[in-house]
Amino acid sequence: MDNTLQEILTLVDKGTIEQRCAALLVLGALKSDSAAVVRLVGAMLEHPNPVLKDYALRYFEEVQPKNNIAQLLKMLDDPDKEMQERAVRSLTSAGQSAVQLLLQGMAEATRPWQLNAARVLAAVRGKAAMKGLLQLLADGTDEANRVICDLMTPAVREMDAKAQDAFYDEVESFAAKLDVKQQRPAVVSAMRLLGQLGRPQARRWLVKFVGAEQHPAVRSHALVALLRCLREQDIRKDEYAKLLPVLEEKEFSEATRLALDLLDAHELPDDSRSLLAKLMQSPHTDVQKFAIRKMGDVGTPATVRTLVEQLGDPDYRRRDVAASSLRKIPEARATLIKELSACKDASKAWSIAELLPSFEGKWRQDILDSLWKRLQEAIEREDRIQTAFLHVLKQADAAFVYKQLAEQGGKLVKAKKYKEAVGFLAPLKDFPEFKPENKFHLASAQLKLHAHTVASHKNHPAVELLTDLCRNSAYPVFEALKKEKSLAPEDLFALGFSLVERAGQERGLGMDLLEHIAEKFPRNKIGKNAKNKLKLAGV
């Protein structure tokens, strides 16, 4: 067998390409892994002929000799990518025995070699391999370090708690030695790893890099790592001193966004109100919204006043955020009611009106009276702010405001101030129970205002109201119309003329009205017109 093996080795060393390839196949089949065989086949890995290199590598893949690592290392930066991949797989299969030789070759190796070595180390894992990867990060470029960190991520994630604690100590020690100006890619990589480990104690080192003097990439990675390390942790006073100024910067950067995310997840100190008030004037919408939101967490009377002021902001987004913050402060109810009572801005009044129902509390009569007075004034001026006051009063005491509107409307009808009466009576249509007598008062006022259009307007509001009374109530409509002193014969004639052309009960009301006019004024023109209309209607 020794002679045969020697003849095979001779063919590998001096035969033709075909003979060498065949001899390498035989050595692989024989599983021959002596030092002499490994040394000779290893030399073939440096041969310029790609076919011969392929068969030599096949031998190592098949036999996997214990002392083959040095030969495989040469293939990690081979011009042929496929050769590199096969070498990585073989070295990974070798496990921990490959780690030391890989680490020894790192310093003088090419970048492709180092990256392939990192792939092997990350796959093999273990304390020595992970420590070696950290050293590789120290002098790496942005792109190379990104790749290496991506390779390390699964390994870190799958470590048990004890291994992660030990690895954290290594990363912390590694990070402490770095110079951010000379080794920025390494600093960023350390931040990525610390963020993945999520240890709160990393905050001391990370918070140093959030200031505006740092490179944008350094700031962003520091803040991302802090987001992960400070979960379920309180932010300290010195950390707030570093983070809050980021929100005051002129440019809205990635660092600003991340600082907002970090601060939004934590409670601010009690003495931050003045800064929040300043941030509410920021040119950046997201910073404004953050400040308004956080105002709700502070909850002082001054904070409530500041938030209430925001309800009148032209930007609906700021109004919405302020309203959301105020909902978290039960004590805000009194301030909101006081503000509404004095408010002259319709938009702000509506913001308050929509917000107040979310608070619990009784309504004092003096407050209801004050709001009714404001509503009354607004209706008289035809000011659109009236809808806000009406909304609040309906929520607070619907019976009270209904009674007030109905009484005031009725007084104005009697005073023949029909336009003003409609302003008070029309809102009653939106109450669950619109009483027949109030419905009649509104119809009377509308009839006086628009009597000249009754005959030609099929959907005249007064006609519709009276039709509804006929159909859906026992209210004596005809008798009430005859007794209504504000309605002239011309008004009743126009109404009867319109109703007699309809069907159902309202047609009967129309005939009664025309008959009433014909009987009461038989010699006048209006009486004769009523009689003629009845004839045309077939009566």
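The values are calculated or read from the model by the stated rules, or taken from the named source; none is laboratory data. This structure is a prediction, so every number in the text was calculated from the model and none was measured. Here Cβ is always computed from backbone atoms with ideal geometry, including for glycine, and neighbour counts include all displayed protein chains. Side chains are part of the model used for accessible areas, which takes the heavy atoms of the whole protein and leaves out ligands, DNA and RNA. Shrake-Rupley method; radii C 1.70, N 1.55, O 1.52, S 1.80 Å.
Return the Rg/Rh value of the stretch 63-187, two decimal places, where both radii are evaluated on C-alpha atoms and Rh is the Kirkwood radius.
On the way: Rg = 14.6 Å, Rh = 15.0 Å.
Taking Rg over the Kirkwood Rh, I get 0.97.
Roughly how many debye, to the nearest 20, is the charge dipole of the stretch 59-118 about its Cα centre, given +1 on each Lys and Arg Cβ, -1 on each Asp and Glu Cβ, and no other charges?
On the way: 6 positive and 8 negative charges, 36 e Å.
Roughly 180 debye, rounded to the nearest 20.
Where the centre of each part is set by its Cα atoms, how far does the stretch 290-363 sit from the stretch 85-112, in angstrom?
Answer, in whole Å: 65.
Can you list the aspartates and glutamates whose alpha carbon is less than 16 Å from that of Lys525, not counting same-chain residues fewer than 8 positions off?
Counting by Cα, and skipping residues close in sequence, Lys525 has these aspartates and glutamates nearby: Glu490, Asp491, Glu515.
Using the Karplus equation 6.51 cos²θ - 1.76 cosθ + 1.60 (θ = phi - 60°), what ³J(HN,Hα) coupling, rounded to whole Hz, does each residue of the stretch 221-230 give in order, writing x for Gly and Pro?
5, 5, 5, 4, 5, 5, 3, 7, 6, 9
Stick to the Cα atoms of the chain, pair each with every other, and give me the Kirkwood hydrodynamic radius in Å at one decimal.
When all Cα pairs of the chain are included, the Kirkwood radius is 32.2 Å.
Would you tell me the accessible area of Glu484, worked out with a 1.4 angstrom probe on the heavy atoms of the protein chains, in Å² to the nearest 10?
Surface open to solvent at Glu484 totals about 40 Å².
What shape does the stretch 89-163 take by its C-alpha gyration tensor, where a ≥ b ≥ c are the square roots of the eigenvalues and a/c under 1.5 counts as rounded, a/b above b/c as prolate, and the rest as oblate?
In terms of gyration-tensor shape, oblate.
Shape verdict for the stretch 414-504, please, from the Cα gyration tensor: rounded (a/c under 1.5), prolate (a/b greater than b/c) or oblate.
Since a/c stays below 1.5, the shape of the stretch 414-504 is classed as rounded.
What list of ³J(HN,Hα) couplings, whole Hz, do you get for the stretch 236-241 from phi and the Karplus terms 6.51, -1.76, 1.60, once you set θ to phi - 60° and write x for glycine and proline?
Values, residue by residue: 8, 4, 5, 6, 4, 4 Hz.
Take each of the peptides 324-330, 92-98, average the number of other beta-carbon atoms within 10 Å over its residues, and list them starting from the highest.
Descending packing order for the listed peptides: 324-330, 92-98.
Count charges around Ala22 for me, please; just the other residues with Cβ under 15 Å from its Cβ, Lys/Arg as +1, Asp/Glu as -1.
Surrounding charge for Ala22 is -2.
Quick one: compute the contact order of the stretch 27-164, relative version, from alpha carbon pairs under 8 angstrom and 6+ residues apart, as a percent.
17 percent
May I have the convex hull volume per residue, in Å³, for the Cα set of the stretch 297-450?
Numbers: hull volume 17.4 nm³, N = 154.
It is 113 Å³ per residue.
Report the residues of the stretch 255-288 in range of a label on Arg305: point 7 Å along Cα→C-beta, backbone N strictly under 12 Å from it.
none
Expressed as an acute angle from 0 to 90° and rounded to the nearest 10, what is the orientation of the C-alpha long axis of helix 332-342 relative to the principal long axis of the chain?
40 degrees
From Cα coordinates alone, what are the radius of gyration and Dmax values for the stretch 224-348 in angstrom?
Rg, Dmax (Cα atoms, Å): 15.1, 49.
Between Gly510, Leu499, Asn532, whose Cα lies farthest towards the positive end of the dipole of the stretch 491-539 when Lys and Arg beta carbons carry +1 and Asp and Glu beta carbons carry -1, centred on the Cα centre?
Asn532
Straight-line reach from Lys74: which lysines fall under 24 Å, measuring Cα to Cα and dropping same-chain residues less than 8 apart?
Lys14, Lys31, Lys53, Lys66, Lys131
So what does Trp113 come to for accessible area, using a 1.4 Å probe and Å² rounded to 10?
20 Å²
Taking 24 Å as the cut-off for C-alpha to C-alpha distance, list the pairs among Lys394/Lys485; Lys394/Lys429; Lys344/Lys429 that go past it.
Result: Lys394/Lys485; Lys344/Lys429 exceed 24 Å.
To the nearest 20 debye, what is the magnitude of the charge dipole of the stretch 1-93 about its Cα centre, counting +1 on the Cβ of each Lys and Arg and -1 on the Cβ of each Asp and Glu?
Dipole about the Cα centre, nearest 20: 160 debye.
What ranking of Ser34, Ser272 comes out by heavy-atom accessible area, probe 1.4 Å, highest first?
Ser34, Ser272
Suppose the chain between Lys250 and Asp369 were pulled fully straight at 0.36 nm per residue; how much longer would it get relative to their current alpha carbon spacing?
Gain on stretching Lys250 to Asp369: 38.0 nm.
Positive end of the dipole of the chain, charges at C-beta (+1 Lys, Arg; -1 Asp, Glu), about the Cα centre: which of Ala225, Leu136, Met83 has its Cα farthest in that direction?
The one lying farthest along the dipole's positive direction is Ala225.
If you take the Cα atoms of the stretch 1-63, find Rg, then find the Kirkwood Rh from the mean of 1/r over all pairs, what is Rg/Rh?
0.91
Over the stretch 215-294, with the other protein chains present, what is the accessible area per residue in square angstrom, probe 1.4 angstrom? Walk me through the numbers on the way to the answer.
On the way: 4110 Å² over 80 residues.
Roughly 51 Å² per residue, with all protein chains present.
Search the structure for amide H atoms under 5 Å from the amide H of Cys343, placed 1.01 Å from N in the peptide plane, and list their residues when 5 or more places away or on another chain.
When sequence neighbours closer than 5 places are left aside, there are no close amide H contacts.
Based on Cβ point charges of +1 for Lys and Arg and -1 for Asp and Glu, what charge dipole magnitude is obtained for the chain about its Cα centre, in debye rounded to the nearest 20?
Its charge dipole is roughly 2880 debye.
Ordering Phe497, Phe209 by accessible area with a probe of 1.4 Å, largest first, what comes out?
Sorted descending by solvent-accessible area, the residues read Phe497, Phe209.
In whole Hz, with x marking every Gly and Pro, tabulate ³J(HN,Hα) for the stretch 391-400 from phi via Karplus 6.51 cos²θ - 1.76 cosθ + 1.60, θ = phi - 60°.
Listing the rounded values in order: 4, 5, 5, 5, 6, 6, 7, 5, 5, 4 Hz.
Using a 1.4 angstrom probe on heavy atoms only, work out the carbon and sulfur share of the accessible area of the chain in %.
C and S atoms contribute 50 percent here.
Under the rule of at least 5 residues apart or a separate chain, name every residue whose amide H is placed under 5 Å from the amide H of Lys435.
The list, which skips near neighbours in sequence, is empty: none.
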